[in-house]
1. Which residue out of K104, K85, K115 is within 24 Å of P28 (Cα to Cα), of a type in the set (D, E, K, R) and over 11 Å from the mean Cα position of the chain (by Cα)?
2. Name, by its number, the condition in (1) assigned to a loop (DSSP other than H, G, I, E, B); (2) among the β-branched types (V, I, T); (3) in contact with a helix residue (DSSP H, G or I) (Cβ under 8 Å, 6 or more places away or on another chain) that does not hold for I84.
3. Could you list, in sequence order, all residues of segment 20-58 that are acidic (D, E) and assigned to a loop (DSSP other than H, G, I, E, B)?
4. Criterion first (at positive phi and polar (S, T, N, Q)) does N26 satisfy it?
5. So G61 fits all but one of (1) at pLDDT below 95; (2) over 16 Å from the mean Cα position of the chain (by Cα); (3) assigned to a loop (DSSP other than H, G, I, E, B); what number is the exception?
6. Tell me which residues, restricted to segment 17-42, are modelled with pLDDT of 95 or more and out of contact with any helix residue (DSSP H, G or I) (no Cβ under 8 Å at 6 or more places or on another chain).
7. Quick one: in segment 65-82, of everything that is more than 10 Å from the chain's Cα centre (by Cα) and of a type in the set (A, V, I, L, M, F, W, C), which residue is surrounded by the fewest Cβ atoms within 10 Å (Cβ to Cβ)?
8. Does at least one position in segment 84-101 carry a residue that is farther than 17 Å from M135 by Cα and either among the β-branched types (V, I, T) or touching a residue at least 40 places away in the same chain (Cβ under 8 Å) (or both)?
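The values are calculated or read from the model by the stated rules, or taken from the named source; none is laboratory data. Quantities reported herein were computed from a predicted structural model and do not represent experimental measurements. Every residue, glycine as well, gets a Cβ built from its backbone with ideal geometry; the counts of neighbours run over all protein chains shown.
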Amino acid sequence: MLKYVDALVTFSEIPDEITLCINISNCPCYCKGCHSSYLAEDVGEKLMMSTLLHLCDFNKGITCVAFMGGDISPSDINFLAKVIKLNKPELKVAWYSGRQELAKDIDLENFDYIKLGPYIEDLGPLNSNTTNQRMYKVVLDHYDDGTSGYELEDITYKFWK
């Protein structure tokens, strides 16, 4: 079960979205220089379905929900993303992962945005054009053979000034 520390509305974590950012604790990544190192601790309250839906209802005007962390249990992140998609289809869903590769438990149909990559102090955060981190928009692609699938479109450049 995931725990969350707080939830804040931001305008900068997902391009062109008013985002409810839910900070998930127990981060296993331990990135040197992390601005939210307290999230590596086992702190906060359990993030239940009912809590998640209440946070969405309480924060009127949001257009997106972002899970900030959750690498301790990607399957739980995937489940909660699906809960939002089913119960709040007007909202977009994002996940900030500190891992380099997308977890196998993540089903892209439950997400609109995925951030991948550990924070590397010398390379900087997403708004640095030297960053190793990448923000992806999840897009449904239709192939010539009549099939379709989800692809990740790199939109990291939208953070650069």
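1. Answer to the check: K104.
2. Failed condition: (1).
3. Step one: of segment 20-58, the residues acidic (D, E) are 41-42, 45, 57.
E41, D42, listed by residue number.
4. Numbers: at positive phi: yes; polar (S, T, N, Q): yes.
The answer is yes for N26.
5. Result: G61 passes all but (1).
6. E17, I18, T19, C21, listed by residue number.
7. F79
8. yes
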